[in-house]
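Comments concern the structure below.
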Amino acid sequence: MWSLWKHRNLRVWDNVTETSAVVVERARNMVADWQLANAPDVLAATSPSSSGLAAHVGNSAPDHHTGPLWQPPMPGRYKCNVDAAFSFHHNRTGIDVCVRDSEGIFVLAKIFTYPCTVSADVGEALGLHSALQWLSDMQLDNVDFETDSKLTVDAFRSTRSDLSEFGCIISSCRSLFHNLFSNSRV
């Protein structure tokens with residue numbers, strides 16, 4: 001239905017006419033994306049800007065995955081995936097946080113937006129900080145925090161002092177983590 005609605009809006013508002021094949025293919029891709037996202041063995045994309053989940057589905061797709069499979073945490077634990085995205089056009093930084101249990105079942109998710117753009121390292125550190133703050137407010141423990149930023153994880157685990165903006169956020173992350181979480185890890 002959404003593909004038909006999109007087709008209608010393109011024609012009415014942008015004077016663009018699509019073929020039926022385009023409308024059907026978009027609908028098929030959306031169904032495949034939905035099915036893949038709701039499958040028990042959900043793939044964790046290494047980047048939200050990847051070409052889309054539909055590239056991994058269908059007859060024309062190769063039978064291998066380009067990104068790593070999402071690995072669930074140990075039983076009794078949660079996994080919190082954190083990522084940052086940036087829109088220079090809208091001058092915004094977005095943080096996506098998703099929590100799943102040891103069965104891979106969705107538990108919680110939240111999006112944070114900040115009215116500025118920052119460097120990638122600062123954005124990823126800000127993402128970790130946002131997740132730590134939010135889950136501490138939710139009083140959730142036994143959490144494995146995961147980010148795709150090796151720089152953020154290495155800085156978090158380091159004892160080195162860093163007075164940059166990035167370093168100050170990491171220092172605040174360490175403080176939140178050590179004061180509010182008793183059985184979690186980054």
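The values are calculated or read from the model by the stated rules, or taken from the named source; none is laboratory data. In this text the structure is predicted, and so the values were computed from the model without any measurement. Cβ atoms come from the backbone with ideal geometry, glycine included; neighbour counts cover every protein chain shown.
Taken together, the criteria exclude LYS110 from residues that are closer than 17 Å to THR152 by Cβ, modelled with pLDDT of 90 or more, in contact with a strand residue (DSSP E or B) (Cβ under 7 Å, 6 or more places away or on another chain) and not β-branched (Val, Ile, Thr). Among the residues examined, VAL82 qualifies as under 18 Å from SER136 (Cα atoms) and not acidic (Asp, Glu). For the range 116-134, the count of residues that are over 24 Å from ARG157 (Cβ atoms) and of a type in the set (Val, Ile, Thr) is nonzero. Got a number for residues in the range 127-145 being of a type outside the set (Gly, Ala, Ser) and under 24 Å from THR117 (Cβ atoms)? Final tally of qualifying residues: 6. The number of residues in the range 146-182 being loosely packed, with under 13 Cβ neighbours inside 10 Å, under 21 Å from the mean Cα position of the chain (by Cα) and over 22 Å from CYS98 (Cβ atoms) comes to 1.
So is HIS89 more than 30 Å from SER136 (Cβ to Cβ), modelled with pLDDT under 65 and either surrounded by fewer than 10 Cβ atoms within 10 Å (Cβ to Cβ) or in the same structural domain as VAL143 (by TED's automatic domain parsing) (or both) or not? Here the answer is no, as HIS89 does not meet what is asked. Answer with yes or no whether PHE106 is aromatic (Phe, Trp, Tyr), under 16 Å from the mean Cα position of the chain (by Cα) and farther than 20 Å from PHE177 by Cβ. Taking the combined requirement at face value, the residue satisfies it. As a summary of the residue check, TRP70 satisfies the conditions (1) under 19 Å from the mean Cα position of the chain (by Cα); (2) modelled with pLDDT of 85 or more; (3) not assigned by TED's automatic domain parsing to the domain that holds LEU126 except for the one numbered (2).
Of all residues in the range 5-30, none that is among the β-branched types (Val, Ile, Thr) has its Cβ atom under 7 Å from the Cβ atom of a residue that is not in a helix (DSSP H, G or I), 6 or more apart or on another chain.
Per the conditions (1) at pLDDT below 50; (2) surrounded by 11 or more Cβ atoms within 10 Å (Cβ to Cβ), the sole criterion not satisfied by ALA84 is (1).
Residues of the range 102-145 being of a type outside the set (Gly, Ala, Ser), surrounded by 13 or more Cβ atoms within 10 Å (Cβ to Cβ) and closer than 13 Å to ALA84 by Cβ, which ones? Residues satisfying the conditions are PHE112, TYR114, THR117, VAL118, ASP121, VAL122, GLU124, LEU126, LEU128, HIS129.
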